[in-house]
């Protein structure tokens, strides 16, 4: 049981971005990936989810033994993979509540109806945890949301869909400290021995609130270094340039 | 018919052949009727074709009079003055080397291949095939401009076309071609020397080469008894930016047809217009924005401030070809209604065949807002002055997009002068 | 993978078989079954048949069968002459009109049955068609009156006592012209003259079926009156004629739904609907239409709004090969209001050519047009609008918004409005936009586990959501169901 990525190579038509990336996240673990801009962090999250802009040229990605790369985008999601987007898309006209209902219903067995009362009860409880106003439910999905509102909405979806593995792509970007605390509280509430997290971030700050078990440093499309929580602090102090010169950096 | 043309003896054979064919075409084609969709709300019978005759050769005195009145811009690269389709003045010494800027007849003789390649190669798409043919059969005045690759012409080229004599018809032609990354601005003035009935039947072709920037301004200030027509086409090649602005102030009836074809990836066309019709003036404007390549951008803004019993007709269409993804196309027509008897007709259209397109059009017609007027008056501004400020602001919103302060100031002044005639 | 909290509830429900009542969000689409609509054809069972083609003999035949009074017979013959003399409007409309072969249609069919009094008497095959339409039983009960047209005659007609008690007349048009000539005749053909266009002339010559409604002064009909239309005979044109009169201060909502089984050869539908709203009256006319994709649907709809009256067309066009329909309002009295709310969906092989006509003919009249179209596959949606404000009037307002959504690269949308304003005492505003469902939007929703089709359907329903809510609730559900059906197979 794990989300296991092995020697993954992926590219856009112009160039290769992931150059042999390997990582394994077991249920109950929280992994952080840090790295400079352009190192391929966001690409990793999109490739795992099956974004069509990227083609995988070699390597594997397995979710609890299922071949992720062979599955369409929505099947990966239903298999238990969740991505909290860095830039959640605005979808005019589609209300948050209807969208979430459709997403939850997609996880029910065929012919099974969604119990609307139970759904709203659950959603309101989760929204309260995230200090979200009830009016969010009827607003169009992410449309006109502030940065903080969008991120909170991503975490609300995470809470409602209860994935096995959640990838948080720069969830801290654009958040003030109060919003960051609320978002982190939501994520921490979802930590469990049955769920793995991959937290992608540029800054160490987020990791003060979501404490990782393992920290990876990503450079040029690969994991360049892996360590414990202290690695994040070391990075913060010394900067990314230091990684390349350090003996702990993995051989290319 | 008094409009029968006489062929030029100096022109190349290809030109005389085309002119002869065009005369046949003109005679064979019926006059467009109001039932023809491109002529809805308008009326081609306003042009007294039976009475018109080619404008007579001007006297030396007439020429002198026109030249004296032919200066609007202080800083120009070149200045040409035509009176009744006859060249009266040409000053081109300030142009950078390599730039071709010739009176039409001279260009026909000296740059025959260049002219042949670009001269009236486009089919008319907005309903005036008959008048395009008439122009071709008669054209002998106008300007051919070619700016070679990488040459920037700093100051505008300013051209005047004067019309004089009762029922005189002139046929001004403007052909501008820019090479790769070249840049030029050209200003055409269409004017009457007296207050007689006359007719200007102009054709303008703009060809923006790759990466070039071409700005074209047409100021139509014919006599209030005259009729004016301008058939303009623009081709924008890869990454070219072509801006055209028309000022419609004169003539009892004017019609302009403007087609912009964005044929190169990343090309852009801005189509701008301001009119301020008074009395029983009719301003008829038809436009077509054709997006034929991906990542193209077009933006049209036409504004009419209508007074008295004047009428405006706007018929616009945006087309987006199947291949023209990532197109941004905008079309806006605004009519400011300043009298109980003014009339505005708008037909803003879209035909979209591609996806990943951002496309919108808007059309509004309404009076000066009471709140705006009240606000100004509450600051002690008298009614007429308040209205002037609002109308000039309405026009300046378009004028400000020209991007050349001297031209903007000149046009602003022309509009102010027209506004002074408002009762 | 199902969320735990949900799994628990599902298990609980399975154990106890409890059906929980819910307070559903009416705009939700997630609880709709779509498997009971589709192709359906039933055996033809026609006692009267006018044969193929149209001539004065056809007209006489129809008059004889229907025992028309002489003035209707004269009206029909005059209309036939107008129809024959008018050219096809192909100088502005699509050339596809030329593919209509008028001599290959039958212009009158009836199963010879008198209108039924109760639901129990309705033939089973007709009932089955309604089942296929997916109209729930309780909804039918909710309806105040049903005027369901089976081919050209009403197969079922039932007016609830409560409506009759209010003095409302709800009859099919054939019955009405015999029984209520005093009310019927003065307004018949007055809102839409025979010669308005070629197809209104055709309808005037061969009309049969359709509804007649008269709502007396001050009567406000609480429940919507409803009729379902369908075409069920191959090569058969349906020419229903509807006339609704709301007397001073009366209010009424009328709903029509159209759906047709699929046939191999082209079918022609050409209705005329006339509405008259007297002083202070309100009429809302709701259409949800889903013709099969070989139907030519050429409909003329217009209402007259007298002083302070309101006529509102709520129109949804799905299906058909070609629909041409521009509901209009003539605002004849001071402060009259006209409104058109329109949703069109054009799939491959379909052309929805729809719009609105707003004729301002009195001071301080206001009109509003909101049109949304969706083009899928190789579908084409066209908006044509006309707004006319003459100069002797003052204080008129028009607002027009048209938005188009494109789903695939091969789909097409056109907008051709015409707005004429005279004078400085009016305000008009027209806005149109074209957009599409972006790949990133679909990816986002797929990442949450929705299939591409579901994601697309959600986006499309989102696009029309604000308009769909203007439809009566059961219609807005049906509408979304129809759109979902159309969206199937449009992605990928």
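Throughout, read-outs are computed from the coordinates displayed, never taken from laboratory work. Predicted model, so just to flag it, every value in this text is computed and none were measured. Ideal geometry is used to build each Cβ from the backbone, glycine not excepted, and the neighbour counts take in all protein chains shown.
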Region B:1-103, Kirkwood Rh and Cα Rg, ratio Rg/Rh at 1.06
Rounded to the nearest 500, the 222 nm mean residue ellipticity computed for the protein assembly as shown from DSSP H runs (n ≥ 4, each -39500 (n - 2.57)) alone is -8000 deg cm²/dmol
One finds the C-alpha centres of region C:360-377 and region A:1-70 to be spaced, in Å, by 50
The exposure ranking of C:426, A:202, fewest beta-carbon neighbours within 10 Å first, is A:202, C:426
Expressed as a percent, the portion of alpha-carbon pairs in the protein assembly as shown spaced more than 45 Å apart is 49
With Rg from the Cα atoms and Rh as the Kirkwood inverse mean 1/r over Cα pairs, chain A has an Rg/Rh of 0.97
Taking alpha-carbon centroids only, region B:384-423 lies from region C:278-344 a number of Å equal to 43
Projected convex hull area of region A:29-89, Cα atoms, direction-averaged, in nm², equals 5.1
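Other chains' Cβ within 10 Å of B:329-342 residues: what's the mean? Before the final figure, lay out each step's value.
Details: counts 1, 1, 1, 1, 2, 1, 4, 1, 8, 1, 4, 9, 5, 5.
The per-residue average across the peptide is 3.
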What the Cα atoms of region A:7-108 span along the principal axes, largest first and in whole Å, is 39, 30, 25
Rounded to the nearest 5, the percent of antiparallel DSSP beta bridges in the protein assembly as shown equals 20
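Let's test the formula: R0 of 51 Å, r as the Cβ-Cβ distance of residue B:109 and residue A:178. What FRET efficiency results, to the nearest 0.05?
0.05
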Semi-axes a, b, c in Å (a largest) for region C:384-492, each sqrt of 5 times a Cα gyration tensor eigenvalue, come to 36, 16, 12
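Using the Kirkwood radius over C-alpha pairs as Rh, can you work out the diffusion coefficient of region B:335-423 via Stokes-Einstein at 20 °C, viscosity 1.002 mPa s, in µm² per second?
On the way: Rh = 15.8 Å.
The Stokes-Einstein estimate is 136 µm²/s.
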quick shape note, region B:264-412: Cα extents on principal axes in Å, largest first -> 55, 32, 27
Shielding of A:108-114 by other chains, given as the mean Cβ count within 10 Å, works out to 4
Long-range alpha-carbon pairs in region A:151-252, meaning those over 15 Å apart, account in percent for 63
Taking a crude spin-label model, label points 7 Å out from Cα along the C-beta direction, the residue A:87 to residue B:10 distance in nm is 6.0
Computed over region C:278-383, the distribution of all Cα-Cα distances in 5 Å bins, rounded to whole %, is 3, 15, 24, 20, 14, 11, 8, 5, 2, 0
One checks the Cα atoms of region B:116-187 and finds Rg and Dmax, in Å, of 14.8, 45
For region B:238-331, using Cα atoms only, the Rg and Dmax in Å read 14.8, 46
Rounded to the nearest 5, the percent of antiparallel DSSP beta bridges in chain B equals 5
Partner shielding of A:69-81, taken as the mean number of other chain Cβ atoms within 10 Å, equals 4
A correct fewest-to-most ranking of B:243, A:164 by other Cβ atoms within 10 Å would be A:164, B:243
Expressed to one decimal in nm², the mean projection of the alpha carbon convex hull of region B:291-347 is 3.8
Dividing the surface of the Cα convex hull of region B:227-279 by four yields a projected area in nm² of 3.4
Distance in nm between residue C:102 and residue B:422 label points, each 7 Å along Cα→Cβ, equals 5.3
Quick calc, residue C:180 & residue B:384: beta-carbon distance into FRET formula, R0 56 Å, rounding 0.05, result 0.40
Placing one equal point scatterer on each C-alpha of region B:43-141 and summing with Debye, one gets log10 I(q)/I(0) at q = 0.11 Å⁻¹ equal to -0.48
A student asked for the Cα radius of gyration and Dmax of chain B in angstrom ought to give 20.6, 68
Here the Cα Rg-to-2.2 N^0.38 Å ratio for region C:315-473 is 1.17
